[in-house]
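Below is one structure, written out as structure tokens, with a few remarks after it.
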Amino acid sequence: MRFNNPEYLWLLLLILPMIYWYVFKHFRSDASLQVSTTRPFFKVPRTKKVYLFHLLFVIRCVILALLIVVIARPQLSNSFRSETTEGIDIMVALDISGTMLAEDLRPNRLEAAKDVAIEFISGRPNDNVGLVVFAGESFTQCPLTSDHTALINLFKSVEYGMIEDGTAIGLGLANAVNRIKDSEAQSKVVILLTDGSNNAGDVAPLTAAEIAKTFGVRVYTIGVGTHGMARYPFQTPLGVRYQNIPVEIDEDVLQEIASMTGGSYFRATDNSKLREIYGEIDQMEKTKLRVNSYSKKSEEFLPFMIAALILLVCEMVIRNTVLRRIP
């Protein structure tokens with residue numbers, strides 16, 4: 001039950017000063033009959049009417065409370081809600097080769113890619129998401145899962161040097177497709193993020209794209225890196241030294257992969273652009289939600305009104321019969 005005008009319920013506080021005034025008046029009332037002493041009346045037993053006399057005031061308070069409830073308009077609401085969520089399965093194929101340590105994104109490409117991917121996953125609570133990492137080889141860091149907390153922890157543990165260096169784009173994509181191809185979701189997506197060109201692995205990138213197309217997997221490709229030169233840390237006997245290296249992303253292949261599978265290609269030149277790209281993918285692959293709502297309200301003030309009228313009649317009858325006062 002709810003009230004259409006709940007603000008009127010504050011009027012119930014008026015009962016408190018009424019009680020205070022009744023008690024105060026009762027103990028401060030003057031005698032109707034003046035006598036020299038009331039000692040002879042002490043032994044006279046009190047009848048039930050003495051206690052029932054206060055019943056009239058209690059009835060008045062209840063009547064007032066019921067009338068306040070009536071003007072607050074109590075209602076019953078019967079509602080029905082049907083919600084259908086169509087989940088999307090997403091595999092993230094993340095390049096963790098040595099060039100991902102370049103610092104044209106902050107703090108570097110790999111850490112920036114991990115941070116933005118974690119934000120993306122956190123905003124997709126209804127989807128199954130998995131992670132494949134690749135460099136010279138590829139392996140599954142996390143299969144498709146709805147446990148995003150575990151997935152995010154595995155994302156954070158990804159680092160350079162976990163596998164042999166290189167850039168096996170085709171192998172990474174094929175591994176991701178293999179993990180998602182048997183999914184029963186109506187929409188299957190792979191997000192492939194890399195900063196180079198294919199130079200390792202036994203599977204060509206376009207061959208992996210053909211496999212993805214066969215299984216109805218849509219691939220969004222992201223090329224990470226600024227245009228021109230990028231600042232890269234080199235380990236030397238004297239410590240870390242920085243040198244600018246050319247950014248070489250095979251955009252033609254990444255565009256072809258996206259085109260073949262019905263996806264899109266993006267270029268992330270800085271952190272904000274990478275975040276915008278994930279935002280665009282999030283909009284294009286929004287989870288479909290269908291909600292059917294039904295609501296019916298019925299006024300329930302009548303029982304309270306009837307109760308107030310009955311108590312009012314009872315109060316009048318009792319006052320003029322059983323508890324009638326003689327002036």
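The values are calculated or read from the model by the stated rules, or taken from the named source; none is laboratory data. All values reported here derive from a predicted model rather than from experimental measurement. Here Cβ is always computed from backbone atoms with ideal geometry, including for glycine, and neighbour counts include all displayed protein chains. Areas reflect the complete protein model, heavy atoms only, side chains present, ligands, DNA and RNA absent. Shrake-Rupley method; radii C 1.70, N 1.55, O 1.52, S 1.80 Å.
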Fully extended contour minus Cα-Cα distance, from Lys25 to Arg60, at 0.36 nm per residue
11.0 nm
Accessible area of the chain with a 1.4 Å probe: how many percent of it is carbon plus sulfur?
56 percent
Rank-order 236-243, 105-112, 18-25 by packing density, defined as the average count of other C-beta atoms within 10 Å over each peptide's residues, highest first.
105-112, 18-25, 236-243
Dipole of the chain, positive direction: furthest Cα of Thr145, Leu14, Val69, with charges on the beta-carbon:
Leu14
Descending packing, highest mean Cβ count within 10 Å first, for 247-256, 169-178 is 169-178, 247-256
Could you tell me how many degrees, from 0 to 90 and to the nearest 10, lie between the Cα long axis of helix 205-214 and the main elongation axis, the longest principal axis, of the Cα atoms of the chain?
50 degrees
The chain, helix-only ellipticity at 222 nm - DSSP H runs n ≥ 4, -39,500 (n - 2.57), divided by all residues, nearest 500
-12000 deg cm²/dmol
If I model a spin label at Gln75 and Asp165 as a point 7 Å from the Cα along the Cα→Cβ vector, what separation in nanometres do I get?
6.9 nm
What is the gain in length, in nm to one decimal, between Gln243 and Thr140 on full extension, counting 0.36 nm per residue of separation less the C-alpha to C-alpha distance?
33.9 nm
May I ask you to evaluate 6.51 cos²θ - 1.76 cosθ + 1.60, the Karplus curve with θ = phi - 60°, for each residue of segment 53-70 and list the ³J(HN,Hα) values in order in whole Hz, giving x for glycine and proline?
4, 6, 4, 4, 5, 4, 5, 4, 4, 5, 4, 4, 4, 5, 5, 5, 4, 4
Built amide H within the under 5 Å cut-off of Val190, gap 5+:
Met91, Arg218, Val219, Tyr220
For segment 179-278, rounded, prolate or oblate, judged on the Cα gyration tensor with a ≥ b ≥ c (square roots of eigenvalues), a/c < 1.5 rounded, else prolate if a/b > b/c?
prolate
Taking R0 as 30 Å, what FRET efficiency do you get between Glu184 and Leu206 from their Cβ-Cβ distance, rounded to the nearest 0.05?
0.65
Using unit Cβ charges (K, R positive; D, E negative) and no other charged atoms, how large, in debye to the nearest 20, is the dipole of segment 121-211 about its Cα centre?
280 debye
Please compute one quarter of the surface area of the Cα convex hull for the chain and express it in square nanometres.
32.3 nm²
Under a point-charge model restricted to the Cβ atoms of Lys and Arg (+1) and Asp and Glu (-1), what is the dipole moment magnitude of segment 175-327 relative to its Cα centre, in debye to the nearest 20?
1240 debye
Extension gain Phe3-Gln255, at 0.36 nm per residue separation less the Cα-Cα distance, in nm?
84.8 nm
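Rounded to the nearest whole Å², what accessible area per residue is found for segment 216-259 with the 1.4 Å probe? Let's see the in-between values first.
On the way: 2490 Å² over 44 residues.
That works out to 57 Å² per residue.
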